[in-house]
Amino acid sequence: MDLDVVNMFVIAGGTLAIPILAFVASFLLWPSALIKIYYWYWRRTLGMQVRYVYHEDYQFCYSFRGRPGHKPSILMLHGFSAHKDMWLSVVKFLPKNLHLVCVDMPGHEGTTRSSLDDLSIDGQVKRIHQFVECLKLNKKPFHLIGTSMGGHVAGVYAAYYPSDVCSLCLVCPAGLQYSTDNQFVQRLKELQDSAAVEKIPLIPSTPEEMSEMLQLCSYVRFKVPQQILRGLVDVRVPHNNFYRKLFLEIVSEKSRYSLHQNMDKIKVPTQIIWGKQDQVLDVSGADMLAKSIANCQVELLENCGHSVVMERPRKTAKLIVDFLASVHSTGNNKKLD
């Protein structure tokens, strides 16, 4: 074989080996760094841009795609201990002509975390309203989506600021008062009574606890490699004290049933999406909301747990798009009448 050809293969092999070795090293030694790179790459691929906006000295971090147009902008609120990037799996299946905004909730990821911040549901609603006004997102009514804790905040927001919102989507929202507690809530109450806040199932500190949390939140049993579990834990552990403080605040008497107490004040067209096998928040909450909200559409997903956004992203996106189309069509018909 010609020497030049040999040299070409050596150079090509070396060029490929470097990124492969870097990936393997990152996977084995710094899985948390790999996870952050993964989200960065996914945002870039989907055209989501990260920006910061300020209300006085308070910083909000958000990602967005598109510009405000004739269709309503969409504001997406993530759940407890998550971040704006949790919506990427749904964003992938949403039309690119929609204006999307995903914000880090108070104290999460790139949004300010302050010991003086009011982390109650009311406090978070007020913060999100500040964010909305900073972006002038309510210049025209927008579509508001929230999941779990974010759904709790979104529902109360729609009740408090009805002129801001043209329609609402609640995905397995927290904040409802059930006649009987499910197994997860019973366990939480036992932990509260024993003051064992270190053992809250939604705040894992080890790969094993992370695996248990994923099983609790998902109907589908994902086989996650140990190194990825370790990476997920490494990313979260530095924030666990904040998560405990936040969790105790949102399950306190002041906040626990805020959505329940305000659901009859929600007047905009509302979509409820819930996994039938949700082990965290019982699916019967969908019926409660449907009975209290006049213009309400319920979608129950088979073989799906609490993590609807992660388990059924394509279906979730389709339901959102179809709902928006039906609301927009209804609005047009009213104008024609």
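Below are the figures for this structure:
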| read-out | value |
| --- | --- |
| Dipole in debye (nearest 20) - segment 254-337, about Cα centre, beta carbon charges: Lys, Arg +1; Asp, Glu -1 | 280 |
| If the convex hull is drawn through the Cα atoms of segment 46-332, its volume per residue in Å³ | 125 |
| Charge dipole (debye, nearest 20) of the chain; +1 at Cβ of Lys and Arg, -1 at Cβ of Asp and Glu | 1040 |
| Contact order relative to length of the chain, as percent, for alpha carbon pairs under 8 angstrom and 6 or more apart | 17 |
| P(r) histogram, all alpha-carbon pairs of segment 159-232 included - 10 Å bins from 0, percent | 15, 33, 28, 20, 4 |
| Mean projection area, nm², convex hull over Cα of segment 205-337 | 10.2 |
| Solvent-accessible area per residue for segment 46-332 (1.4 angstrom probe, square angstrom) | 44 |
| Chain lengthening between Arg44 and Arg221 when straightened (0.36 nm per residue, less Cα-Cα) | 60.9 nm |
| Cα gyration tensor shape of segment 116-201, rounded if a/c is under 1.5, else prolate or oblate by comparing a/b with b/c | prolate |
| Backbone HN-Hα couplings from phi across segment 281-288 [Karplus 6.51/-1.76/1.60, Hz, Gly and Pro as x] | 10, 4, 5, 5, x, 4, 5, 4 |
| Asp287 versus Asp234: modelled label distance in nm, points set 7 Å from Cα along the beta carbon direction | 4.7 |
| Interchain or long-range residues, amide H under 5 Å from Val280's placed H | His306 |
| Carbon + sulfur, % of accessible area of the chain - ligands and nucleic acids excluded, 1.4 Å | 56 |
| Nearest 10 degrees, 0 to 90: helix 3-29 Cα axis against the chain principal axis | 40 |
| Net +/- balance of residues flanking Ile320 in space, Cβ distance below 14 Å, scoring K and R +1, D and E -1 | +4 |
| Nearest 10 degrees, 0 to 90: helix 226-236 Cα axis against the chain principal axis | 50 |
| Lys36 - accessible surface, heavy atoms, 1.4 Å probe, Å² rounded to 10 | 140 |
| Solvent exposure ordering (accessible area, 1.4 Å, most first) of Arg187, Arg244, Arg127 | Arg187, Arg127, Arg244 |
| Estimated dipole of segment 136-289 in Debye, rounded to 20 [Cβ of Lys and Arg +1, of Asp and Glu -1, Cα centre] | 580 |
| Relative contact order of segment 79-189, pairs being alpha-carbon contacts under 8 Å that are 6 or more residues apart, as % | 22 |
| Given charges at Cβ of Lys, Arg, Asp, Glu: the chain dipole, positive-most of Leu168, Leu216, Asn303 | Leu168 |
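The values are calculated or read from the model by the stated rules, or taken from the named source; none is laboratory data. Predicted model only: the values in this text are computed from it and were never measured. Reconstructed Cβ throughout: ideal geometry from the backbone, glycine too, with neighbour counts over all protein chains shown. In case anyone asks, the SASA skips ligands and DNA or RNA and just uses the protein heavy atoms, side chains included. Shrake-Rupley method; radii C 1.70, N 1.55, O 1.52, S 1.80 Å.
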